[in-house]
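First the structure, in the form of structure tokens, and then the observations on it.
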Amino acid sequence: MSDIQVREEDLLEMSTVLKSSAVLEVTEQVQSLITSLEATTLDIAVVGESGAGKSTFVNAMRGLGDDDVGAAQTGVTETTRVPTAYQHPKLTTVRLWDLPGIGTSNFQADQYLDLVNFQRYDFFIIVASERFRENHTRLARSIRATKKNFYFVRTKVDLDLNACRRRRKMQFSEEKVLNEILVECTRCLEKDGERDPKVFLLSSFELHKYDFQKLQNTLEQDLDGQKRHTLLLSFPSINKEIIRKKKCSLQRQIWKKAILAFIISSLPSIPVHLNMPMLMETIASYKQAFGLDDESLGSLASKVNKSPHSLRNEIISPVGRGMNQDSMKAALRTAAVAGHTASNLVEKRVPVVGNLVAGAISFVAVYILLHSSLDKLANDAQKVLERAFCSEEEEKMEAYQRLDPGFLYD
């Protein structure tokens, strides 16, 4: 195995953050960084008229179906009377709030915000299923006055597309219909005084389509550091771009985990494998972030009408299929050998590492192991997505090709 290097950006951050050479001070410093990140809260308000699909949207953002345990109650009539928080099933610090409907004739936007305690929310998502009305723009103006961000989401576009497909048949164009919906939404909002509104077209039952990626990109740009990381991890892994961004965000935290792991081994005669519980827990959190845990795979399989077994078969990496402590120790030994040159570089660039532990092999071993695991799990997640969203015809073609690799060329 060729020698592996530590990322330049990680070396720069480590040398900036780690000033002390004392084990206790470094431990407290790094642990504080990790604790602060893991404790970062995110409160998202979802508001709109009755029947607009607020509750279904809340469920979809949490990776749940309307019938799943813990799902927000849905219905054609108003089911939300008071602000109701729904915790993310994987991230306890993330809450999506289903707020009472705004469709009444005596709706007062400024009073509404006070009633729902607007200060607690990081941003608002204003939902409509047909067209945006005056109440939506009045609420937007009131939110703007509080210096909070808000975004317009037009839901149920799958229903509009299906209806147009039946009516137009020969002349149907999905791109044209979506553009018509966007133009109409923008026109209604601008007519009521909203300038340059951000409108995203979504289907809560098909988040992998339409503007969900644009919405994610916009929210990500508008949030700062730790909240951005938390937001990314909260999104369901429904396309390759989300998987890539989750991987990048998690990569930036690896050096902190590796520092803590090797400090545990800093005393003479204490081997690095005593870090096994922490490493196993970290890798389990990666699997969960990518939706590779059994519960997430089962939920995805149900949504796409495929068996969990067929999705699980796409996970080919040993770390994705499950590693025990013995295989983890073997992987650490391999990583230590592969990172020999990297350990010398770390000692030169970040002297505290060399001062704390002679050789710094344990740090580099953990660092390389976590990076490698993250890469493999991200690849597994992409394979699972490809299987989940491939058509029945594509599955048949793949099956034929496995039986006879040359059949396409016969």
Next item on the list: Look through 186, 146, 155 and report the one residue that is under 22 Å from residue 55 (Cα atoms) and hydroxyl-bearing (Ser, Thr, Tyr).
Entry: 155
Next item on the list: Could you grab the pairs with beta carbons closer than 9 Å, sequence gap of 6+ or different chains, first residue in the stretch 230-255 and without any contact (Cβ under 8 Å) to a residue 12 or more places away in the chain and part of a helix (DSSP H, G or I), second one of a type outside the set (S, T, N, Q) and open to solvent by less than 40 Å² (accessible area, probe 1.4 Å)?
Entry: 248/232
Checklist line | Where residue 306 falls short, out of the listed (1) under 24 Å from residue 279 (Cβ atoms); (2) touching a helix residue (DSSP H, G or I) at 6+ places or on another chain (Cβ under 8 Å); (3) basic (Lys, Arg); (4) at pLDDT 85 or above | finding: (1)
Item checked: Selection count, the stretch 164-193, where residues are under 29 Å from the mean Cα position of the chain (by Cα), farther than 13 Å from residue 132 by Cβ, of a type outside the set (A, V, I, L, M) and open to solvent by less than 60 Å² (accessible area, probe 1.4 Å) -> 0
Note to self: Looking only at the stretch 225-238, filter to residues that are crowded, with 19+ Cβ neighbours inside 10 Å and among the polar types (S, T, N, Q); which one of those is farthest from residue 291 (Cα to Cα)?
What the structure shows: 230
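Return the only residue of 116, 58, 127, 47 being surrounded by fewer than 21 Cβ atoms within 10 Å (Cβ to Cβ), of a type in the set (Val, Ile, Thr), modelled with pLDDT of 90 or more and within 30 Å of residue 184 (Cβ to Cβ).
The conditions single out 116.
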Margin query: Just to check your reading of the model, which residue among 60, 140, 71, 45 is in contact (Cβ under 8 Å) with a residue 40 or more places away in the chain, among the small types (Gly, Ala, Ser) and within 30 Å of residue 281 (Cα to Cα)?
Written below: 60
Check: Does the stretch 149-163 contain at least one residue that is farther than 27 Å from residue 67 by Cβ, surrounded by fewer than 20 Cβ atoms within 10 Å (Cβ to Cβ), touching a helix residue (DSSP H, G or I) at 6+ places or on another chain (Cβ under 6 Å) and modelled with pLDDT of 90 or more?
Finding: yes
Notebook entry, point to check: Among the residues of the stretch 82-136 satisfying the criterion of being touching a residue at least 40 places away in the same chain (Cβ under 8 Å) and β-branched (Val, Ile, Thr), which is nearest to residue 234 (Cα to Cα)?
Noted result: 94
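Residue by residue through the stretch 191-216, note down the ones that are part of a helix (DSSP H, G or I) and free of Cβ contacts under 8 Å to residues at least 12 places away in the same chain.
Matches in the stretch 191-216: 191 only.
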Next item on the list: Mind telling me which of the residues 366, 337 ends up being open to solvent by less than 10 Å² (accessible area, probe 1.4 Å) and either at pLDDT 60 or above or assigned to a loop (DSSP other than H, G, I, E, B) (or both)?
Entry: 366
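The values are calculated or read from the model by the stated rules, or taken from the named source; none is laboratory data. Please read these numbers as outputs of a predicted model, since none were measured by experiment. Here the Cβ is made from the backbone with ideal geometry for all residues, glycine too, and neighbour counts use every protein chain on show. All accessible areas refer to the heavy atoms of the entire protein, side chains included, with ligands and DNA or RNA removed. Shrake-Rupley method; radii C 1.70, N 1.55, O 1.52, S 1.80 Å.
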